[in-house]
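What follows is a short report on a single structure.
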Amino acid sequence: MPAVDSSYAYAYAVGRVRALERRLIDRSKFNRMIEATSPGEVLKILAETEYASAVAGLESHHDFEIALREELGRTFLELKQMSPRPEIFDLLMLRFDIHNLKALFKAKYLGIDAEMLYPLGTLPLPLLQEAVAALDFRELPPRLRRAAGQVAEEFDLSRDSQVIDLILDRFLYAEMINFSREMGSIFLEDFFQKQIDLINIKTFIRVQRIGRDRAFLQKILLPHGRLAPEFFTGLPGDSLETLAGELATSEYGPLVEEGIRQWLEQESLARLEKLADDFLTAFLQRGKHSPFGLEALIGYLWAREMEMKNIRLIMVGKINKLPNEAIRERMRHAYL
């Protein structure tokens, strides 16, 4: 694999993305959705956008996730087709395979229905379903085969469903970091490392809530971030105030301070989740005006995903009759 692509290789794709960005839902339209009186009215507003064909066939507003999955799949396909390195988008689609495997393993071992499955991964969903049902992973790619086999072995020994998430998350982020290093993309590696750091910060806060020890924390932290697992396990006193103090002068300082404050007041990570998404949006916006790089493609994909997350927040809010301000405060910043 070549170390670094010529930035000019992305010139055509970046031009396409610039045109697509103009179709992103803007703030005024999101405000209309928030002020809408019903979920059905939100769908009518969506019918004025790129989501028109996806929402047209919905039988009920409760089926809005179908439209979002359809649009997300279309976005991945567009970007993969226009990119000079389509394998980058295979890598990003791997998380849907991992999501599906987690859901299928939990359904098998816990006797529950598999939560929402995505037909967007790199592998056919029936293949994953058959592999987990039979605990036969020979048809999976080698590294994923080993990870799935490890899940089955560890669960058989411990009967702890937590191993499903632990093993598969470690596999996913190791693949992302290794790919970005093989590609020689500092941008991608930085993006993935920031995601890992933010996941570990939220993990640390959750572990503090349930009062587990450092050995447990060490077990569930993800490696490969800028903040090593030892940073978290080595914090004196393991307190949230100590975490905020240690990160105060880092790029994560403001979001950690505000996120912990809400956690202590309301025992909710909702604010931190929003701030983490907005932090990554701001990071990607820095490369938004790069005329030739991969940054524009990844930024557009993230923009679409945040757009869909905002639609989901609005629809769930309307279905559950939440006040408009409660919906508004959860909305992610726009990439535009």
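The values are calculated or read from the model by the stated rules, or taken from the named source; none is laboratory data. What you see is a predicted model; the values in this text were computed from it and never measured. Cβ sites come from the backbone with ideal geometry, for glycine too, and all protein chains shown count toward neighbours.
Inspect region 10-21 for any residue being aromatic (Phe, Trp, Tyr), in contact (Cβ under 8 Å) with a residue 60 or more places away in the chain, touching a Phe, Trp or Tyr at 6+ places or on another chain (Cβ under 6 Å) and within 19 Å of residue 299 (Cβ to Cβ) and give the result as yes or no. The answer is yes, given that some residue of region 10-21 is aromatic (Phe, Trp, Tyr), in contact (Cβ under 8 Å) with a residue 60 or more places away in the chain, touching a Phe, Trp or Tyr at 6+ places or on another chain (Cβ under 6 Å) and within 19 Å of residue 299 (Cβ to Cβ). Within region 27-55, take every residue that is in a loop (DSSP other than H, G, I, E, B) and within 25 Å of the chain's Cα centre (by Cα) and give me the one that is farthest from residue 327 (Cα to Cα). Filtering first and then ranking leaves 50. Identify, from the list 58, 79, 24, the residue that is modelled with pLDDT of 95 or more and outside any helix (DSSP H, G or I). Sole residue among the options that is modelled with pLDDT of 95 or more and outside any helix (DSSP H, G or I): 24.
Of all the residues in region 121-146, those that are in contact (Cβ under 8 Å) with a residue 24 or more places away in the chain and buried (at least 20 other Cβ atoms within 10 Å of the Cβ) number 4. When 216, 204 are checked against the criterion of being more than 22 Å from the chain's Cα centre (by Cα) and over 19 Å from residue 174 (Cα atoms), a single residue qualifies: 216.
Within region 213-228, the set of residues being in a helix (DSSP H, G or I) and either of a type in the set (D, E, K, R) or surrounded by fewer than 18 Cβ atoms within 10 Å (Cβ to Cβ) (or both) comprises 214, 215, 216, 218, 219.
In this structure, does residue 244 turn out to be over 23 Å from residue 188 (Cα atoms) and in a loop (DSSP other than H, G, I, E, B)? No: the conditions fail for residue 244. Got a number for residues in region 48-100 being under 22 Å from residue 175 (Cα atoms) and small (Gly, Ala, Ser)? Within region 48-100, residues that are under 22 Å from residue 175 (Cα atoms) and small (Gly, Ala, Ser) number 2. Residues in region 91-118 that are touching a helix residue (DSSP H, G or I) at 6+ places or on another chain (Cβ under 9 Å) and loosely packed, with under 15 Cβ neighbours inside 10 Å were compared, and the one that is nearest to residue 62 (Cα to Cα) is 116. Within region 240-256, residues that are within 20 Å of residue 278 (Cα to Cα) sit with their Cβ atoms under 6 Å from residues that are at pLDDT below 95 and β-branched (Val, Ile, Thr), at 6+ positions apart or across chains, in these pairs: 244/260. Of all residues in region 119-133, none are among the acidic types (Asp, Glu) and either touching a helix residue (DSSP H, G or I) at 6+ places or on another chain (Cβ under 6 Å) or closer than 26 Å to residue 198 by Cβ (or both).
Do we have any residue at all in region 93-115 that's outside any helix (DSSP H, G or I), in contact (Cβ under 8 Å) with a residue 24 or more places away in the chain and under 22 Å from residue 302 (Cα atoms)?
no
Looking across region 249-287, the residues that are buried (at least 17 other Cβ atoms within 10 Å of the Cβ) and in a loop (DSSP other than H, G, I, E, B) come down to 252, 269.
Each row is one residue, and each column tells you yes or no for (1) modelled with pLDDT under 95; (2) under 21 Å from residue 91 (Cα atoms); (3) over 18 Å from the mean Cα position of the chain (by Cα).
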site: 131; (1), (2), (3): no, yes, yes
site: 135; (1), (2), (3): no, no, yes
site: 138; (1), (2), (3): no, yes, yes
site: 160; (1), (2), (3): yes, no, yes
site: 171; (1), (2), (3): no, yes, no
site: 177; (1), (2), (3): no, yes, no
site: 180; (1), (2), (3): no, yes, no
